[in-house]
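Read the structure below first, then the notes.
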Amino acid sequence: MSWRVRIEPFSRPLFFAWSRLQRGMTLGVRSVAVDAQGRVMLVKHTYLAGWWLPGGGVDRGEATGDAAARELFEETGLKATSPGRLVSVHSNERFFKGDHVLVYRFDHFEPGELTHHGEIAETGWFDPDALPGDAHRSTRSRLAEMFGGAPVDPRW
């Protein structure tokens, strides 16, 4: 386990406190890239345990779909060749009141150069029905909603 994963429980509250001072509400995106075999791209961060959907924060003045495509590219090197489709919107108040996450699906992309600057430890393609054992709870939930017929939970 990397040092970043070990300090994350302590650094997260500081990050959230700083974010709260900067803005009252936060908006994030997650991207579900689906390849021709029906597999999805997941990432392992250097600062969080487990496999996650690629994503991150929406920058001031940035459209949410553009943010999802940007995060997909930055974290995986996959460059969207057509706009993503908004799949679901979630309230993520477990750790940060006022946080919201939008999930976009991308079916058309091409490989590009990674630009994650050390944020991503590993990337991988996975069948939605055969996720790695340490896939994060939110990753499992979003993919079950998208591929398994589970109802969309408005809470992250």
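Can GLU113 be described as at pLDDT below 95 and either open to solvent by 40 Å² or more (accessible area, probe 1.4 Å) or acidic (Asp, Glu) (or both)?
Judged against the criteria, GLU113 is a match.
Return yes when LYS97 is of a type in the set (Lys, Arg) and outside any loop (DSSP other than H, G, I, E, B) and no when it is not. No; evaluated as a whole, the condition is false for this residue.
Please go through the stretch 119-134 and pick out each residue that is buried (at least 17 other Cβ atoms within 10 Å of the Cβ) and not in a loop (DSSP other than H, G, I, E, B). Matches in the stretch 119-134: ILE120, THR123.
Filter the stretch 4-53 down to the residues that are part of a helix (DSSP H, G or I) and surrounded by 14 or more Cβ atoms within 10 Å (Cβ to Cβ), then identify the one that is modelled with the lowest pLDDT.
The first filter runs over the stretch 4-53 and keeps only residues part of a helix (DSSP H, G or I), leaving 4-22.
Checking the rest, the ones that are also surrounded by 14 or more Cβ atoms within 10 Å (Cβ to Cβ) come to 4-5, 8, 12, 16, 19-20.
Values: ARG4: 70, VAL5: 73, GLU8: 72, ARG12: 69, PHE16: 64, SER19: 65, ARG20: 60.
Among those residues, the one meeting the criterion is ARG20.
Here is a check on your reading of the model: is VAL103 at pLDDT 95 or above and either over 16 Å from the mean Cα position of the chain (by Cα) or more than 23 Å from ALA63 (Cα to Cα) (or both)?
Taking the combined requirement at face value, the residue does not satisfy it.
For GLU93, the conditions (1) open to solvent by less than 40 Å² (accessible area, probe 1.4 Å); (2) out of contact with any helix residue (DSSP H, G or I) (no Cβ under 9 Å at 6 or more places or on another chain); (3) among the acidic types (Asp, Glu) all hold with the exception of (1).
Going by the structure shown, is PRO83 surrounded by 14 or more Cβ atoms within 10 Å (Cβ to Cβ), in contact with a helix residue (DSSP H, G or I) (Cβ under 6 Å, 6 or more places away or on another chain) and closer than 18 Å to ALA67 by Cα? For PRO83, the condition - surrounded by 14 or more Cβ atoms within 10 Å (Cβ to Cβ), in contact with a helix residue (DSSP H, G or I) (Cβ under 6 Å, 6 or more places away or on another chain) and closer than 18 Å to ALA67 by Cα - is met.
Looking only at the stretch 135-156, count every residue that is over 19 Å from GLY50 (Cα atoms) and assigned to a loop (DSSP other than H, G, I, E, B) and tell me the total. Walk me through it before giving the result.
Keep residues of the stretch 135-156 that are over 19 Å from GLY50 (Cα atoms), which gives 145-155.
With assigned to a loop (DSSP other than H, G, I, E, B) added as a condition, the list becomes 148-154.
Looking only at that region, the number is 7.
The values are calculated or read from the model by the stated rules, or taken from the named source; none is laboratory data. Treat the numbers as computed from the prediction; the structure is a model and nothing was measured. Neighbour counts run over all protein chains shown; Cβ positions are idealised from the backbone, glycine included. Heavy atoms of the whole protein, side chains included, go into the accessibility calculation; ligands, DNA and RNA do not. Shrake-Rupley method; radii C 1.70, N 1.55, O 1.52, S 1.80 Å.
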